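Read the structure below first, then the notes.
The values are calculated or read from the model by the stated rules, or taken from the named source; none is laboratory data. Predicted model only: the values in this text are computed from it and were never measured. Because the Cβ atoms are built from the backbone with ideal geometry, glycine has one as well, and the counts that use them run over all protein chains shown.
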Amino acid sequence: MNMDIRWKQRFSNYKKAAQQLTEFIEKGELNKFEVQGLIQCFEYTFELAWKTMKDYLEEEGFEVKSPRSTIQTAFQIQLVNDGHAWIDALNKRNLMAHTYDEEVAKEAEQLIKEKYYPIIKELLHTLEEEL
């Protein structure tokens with residue numbers, strides 16, 4: 001399969017996941033079960049985000065292996081503007097696994113809403129312009 005098609009197919013899935021994330025964000029106050037849903041939704045949206053970046057970068061001729069090198073390269077070519085927020089999101093994925101702890105879940109919810117959701121949306125807009 002041609003790489004160009006691959007990144008566009010992945011982008012299509014990323015777009016759907018980001019739309020679900022938007023629904024959580026726009027809902028406002030979330031109960032503890034909705035917070036878990038938000039966190040899980042963020043996790044798979046983030047996963048699709050970096051994999052879409054990876055496919056896109058490979059299509060552009062870059063060789064990237066890990067999520068970290070993908071984010072670093074995306075930042076270098078200005079595909080993403082806030083490299084620190086992306087790396088932070090990558091590092092916090094381990095924290096997200098502990099959603100059974102309500103304090104941790106609340107912290108994760110705040111990070112997603114204030115810091116990670118904006119970068120998810122920004123990448124979406126940037127890639128839409130590449131289509």
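Among the residues of segment 92-127, those that are over 17 Å from residue 29 (Cβ atoms), of a type outside the set (A, V, I, L, M, F, W, C) and at pLDDT below 95 comprise 92, 93, 94, 98, 99, 100, 101, 103. Selection of segment 99-117 for residues being touching a residue at least 40 places away in the same chain (Cβ under 8 Å) and exposed (fewer than 15 other Cβ atoms within 10 Å of the Cβ) yields 102, 106. Kindly evaluate residue 50 against the criterion of being in contact (Cβ under 8 Å) with a residue 24 or more places away in the chain, within 18 Å of residue 83 (Cα to Cα) and surrounded by 17 or more Cβ atoms within 10 Å (Cβ to Cβ). When the stated conditions are applied, residue 50 passes them.
Within segment 48-64, is even one residue within 16 Å of residue 6 (Cβ to Cβ) and of a type in the set (Ser, Thr, Tyr)? Yes, that holds for at least one residue. Among the residues making up segment 78-121, those that are within 22 Å of residue 66 (Cα to Cα), out of contact with any helix residue (DSSP H, G or I) (no Cβ under 8 Å at 6 or more places or on another chain) and not in a helix (DSSP H, G or I) are 78, 97.
One line per residue, one yes/no per condition, for (1) small (Gly, Ala, Ser); (2) in a helix (DSSP H, G or I); (3) at pLDDT below 95; (4) surrounded by 15 or more Cβ atoms within 10 Å (Cβ to Cβ):
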| site | (1), (2), (3), (4) |
| --- | --- |
| 7 | no, yes, yes, yes |
| 12 | yes, yes, no, no |
| 30 | no, no, no, yes |
| 42 | no, yes, no, yes |
| 54 | no, yes, no, yes |
| 61 | yes, no, no, no |
| 72 | no, yes, no, yes |
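Taking the criterion of being assigned to a loop (DSSP other than H, G, I, E, B) and among the small types (Gly, Ala, Ser), the only residue of segment 14-28 that qualifies is 28.
How many residues, within segment 60-98, are touching a Lys or Arg at 6+ places or on another chain (Cβ under 8 Å), of a type in the set (Val, Ile, Thr) and touching a residue at least 12 places away in the same chain (Cβ under 8 Å)? Final tally of qualifying residues: 2. Would you call residue 127 closer than 28 Å to residue 5 by Cα, within 15 Å of the chain's Cα centre (by Cα) and touching a residue at least 60 places away in the same chain (Cβ under 8 Å)? So residue 127 fits the description; yes.
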